Amino acid sequence: MLARRAIAAGAGAALALIGPAAVTRAAGPEPDLGRFYQQKIGWEPCKPTEGQTGELLDSVREMECGTLSVPVDYADLGKGAISLAVARFRTAAHGDDRKGSVVFNFGGPGESGVDGLAAFRAVVGGVAQHYDLVSFDPRGVARSSPVRCGGEDEPARLEGASQDAPGSGAAAVAEAKRIAEACHRKTGPVLDHVGTINTSRDMDVLRQVIGDKNLNYLGISYGTRLGAVYASQFPKKTGRMVLDAVDTLQGSAERDVLAQTKGFQRALDTFFTGCAQQNCELGTTPAEVRATFDQAVAKLADGRTVTGADNQDFTGDDLLSAVRTALYSQAAWPTLSAGIAALLQEGDPTVLASLSDASEDTPATDNSREALLAINCADDPERPADPAKEFDTVQKQLAQESPYFGTGAAAQAVACAGWPAGTDYIRRIDHPGAPKILVVGGKGDPATPYPWAQDTAKRLGSGVLVTYEGEGHGAYSASQCIRAKADAFFTNGTVPKEGTSCPAETPDD
């Protein structure tokens with residue numbers, strides 16, 4: 001779920017204190033990592049967390065959990081080690097039917113792999129017939145030395161969909177500076193070593209420890225960035241890799257937020273059209289549906305709220321959060337239209353609240369907003385010379401792209417203003433010599449636009465682009481056609497022909 005959540009970082013005093021460690025180091029012998037590569041994971045049944053019920057609870061009870069020790073700093077083992085939370089489902093296959101493990105990353109950056117694996121298991125039944133399913137909380141995330149920047153409400157107003165985000169560049173940078181300083185104060189030295197470069201190295205330790213000669217991997221959204229970095233760092237250790245909903249390897253924060261805002265507006269326009277075609281309760285033409293949606297936005301404008309059945313105020317930010325969430329999956333569109341109708345006709349936000357991030361049963365371990373900030377800043381070498389001016393410029397551009405999602409999103413363009421420049425390694429990935437990699441791009445993906453998949457496939461050199469013609473973020477779970485091709489690649493090594501595409505599928509297909 002790339003950039004579904006975003007917070008701003010600051011400038012000024014934090015500059016000398018916070019940021020990713022340099023990727024390069026002085027010439028000298030490589031540290032002996034043998035004790036990390038030779039460790040054993042003590043697997044035991046996972047412990048359910050509060051709020052896990054039904055099928056998810058059943059899934060957790062069948063999952064095994066453990067910890068993996070990795071260096072804080074791969075260049076200086078004297079800085080100690082941290083423990084990463086790992087989880088797996090064992091395959092029932094034996095002998096030649098058992099092919100090893102597939103490691104998963106579900107995006108963010110900042111999403112828990114342990115929690116994601118439990119929820120995703122039902123989708124990957126074909127893979128589970130031959131592979132153990134494995135995931136982990138990356139360094140800085142959830143149970144793995146998490147990044148902390150403040151209280152749970154601290155970053156919320158800087159969400160990309162927020163109407164209450166800072167309105168000027170000066171205010172945005174001041175807010176960013178405050179949060180950046182808090183991140184360093186509350187997280188400590190491990191913050192300097194959070195980022196995709198080190199997470200990729202952690203994943204290679206995991207590969208060895210789970211007994212695989214090569215890494216078989218499914219990365220979704222941000223997980224595609226991680227997969228591309230691994231293929232570049234360890235091309236000879238790369239096994240069967242599928243990258244779905246592909247992140248950019250070369251975009252600046254400014255270009256990314258503009259592309260994503262445009263993508264979400266396009267997806268919303270498609271929702272208006274689809275709703276009208278289905279004779280939904282919001283109107284019989286796209287213009288009527290949009291007008292009805294505008295009424296809902298106006299109802300919650302200027303700080304107005306409605307109270308739900310849980311006695312919680314539902315705000316304009318919550319409405320936009322619900323809309324963004326629904327646009328990630330076409331299966332949620334009927335819920336979105338029903339929720340808007342209920343809000344306008346009955347003043348009841350309950351249905352919309354079920355979509356909003358604010359309504360989620362967030363685990364106590366969740367730190368996805370803070371981790372997203374730290375990882376993205378570690379991975380981005382660009383910093384605007386004048387972040388306040390950059391904010392004001394981008395804000396005007398965003399307003400032209402979308403009257404809904406452009407509001408407040410400019411904070412993302414200056415999110416790393418207070419952090420040292422990150423690594424340029426990711427920008428320099430170019431034909432690393434890895435084996436064939438399936439690169440899946442969706443034509444209607446609002447969060448990771450299709451051109452990003454095209455570019456990444458070319459940059460990898462061995463990328464085989466498979467196109468999904470439908471809507472939503474992530475095609476593996478949405479399309480039986482895409483899933484079949486990915487599963488065949490994992491199971492038999494079958495590589496689709498260049499130019500392969502899968503038609504759009506609706507939830508009823």
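Throughout, read-outs are computed from the coordinates displayed, never taken from laboratory work. The structure presented is a predicted model; accordingly, all values stated were derived computationally and were not measured. Using ideal geometry, Cβ is built from the backbone for each residue, glycine included, and neighbour counts are taken over all protein chains shown.
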Please list, or write none, the lysines whose alpha carbon is within less than 21 Å of the alpha carbon of LYS47, excluding same-chain residues fewer than 8 places away. none
From Cα coordinates alone, what are the radius of gyration and Dmax values for segment 261-335 in angstrom? 12.9, 35
Quick one: if you take sqrt(5λ) for each eigenvalue of the C-alpha gyration tensor of segment 434-509, what semi-axes come out, biggest first, whole angstrom? 19, 16, 9
Rg to Rh for segment 283-386: what is it, with Cα atoms only and Rh by Kirkwood? 1.08
Just to be sure I understand, if you calculate P(r) over Cα pairs in 20 Å bins from 0, in percent for this structure, which of [x] 23, 58, 18, 0; [y] 19, 45, 32, 5, 0; [z] 21, 57, 21, 1 do you get? [x]
Could you estimate the translational diffusion coefficient of segment 384-506 from the Stokes-Einstein equation, with Rh from the Kirkwood formula over C-alpha pairs, at 25 °C and 0.890 mPa s, in whole µm²/s? 145
Provide the net charge surrounding GLY472, with neighbours chosen by a C-beta distance below 10 Å and charges set as Lys +1, Arg +1, Asp -1, Glu -1. -3
Here, THR53 and ALA171, labelled 7 Å along Cα→Cβ, have an inter-label distance in nm of 4.0
If exposed GluC sites (Glu not before Pro) are those in a DSSP loop with at most 16 other Cβ within 10 Å, what is the longest stretch of the chain that has none? 153-280
Which three semi-axes in whole Å describe the equivalent ellipsoid of segment 170-242, each the square root of 5 times a Cα gyration tensor eigenvalue, listed largest first? 33, 14, 8
Under a point spin-label approximation (7 Å from Cα along Cα-to-Cβ), what is the LYS79-ASP302 distance to one decimal in nm? 5.2
Qualifying lysines (Cα of each under 27 Å from Cα of LYS497; at least 8 residues distant if same chain): LYS99, LYS213, LYS236, LYS237, LYS436, LYS443, LYS458, LYS485
Give the order of ILE82, ILE426 when sorted by the count of other beta carbons within 10 angstrom, beginning with the fewest. ILE82, ILE426
Using distinct alpha-carbon pairs, which all enter the 1/r mean, Kirkwood radius of segment 157-284 in Å: 18.6
Quick one: of the DSSP bridges fully inside the chain, what percent are antiparallel, nearest 5? 40
Measure of size requested: the Rg and Dmax of segment 317-447, with Cα atoms as the atom set and Å as the unit; please supply both. 18.8, 59
C-alpha center-to-center spacing [segment 54-118, segment 243-320] in angstrom: 34
Considering only the other residues whose Cβ falls under 11 Å of the Cβ of LEU343, what net charge follows from Lys and Arg at +1 and Asp and Glu at -1? -2
What FRET efficiency comes out for ARG35 versus THR284 if R0 is 60 angstrom and r is the Cβ-Cβ distance? Round to the nearest 0.05. 0.35
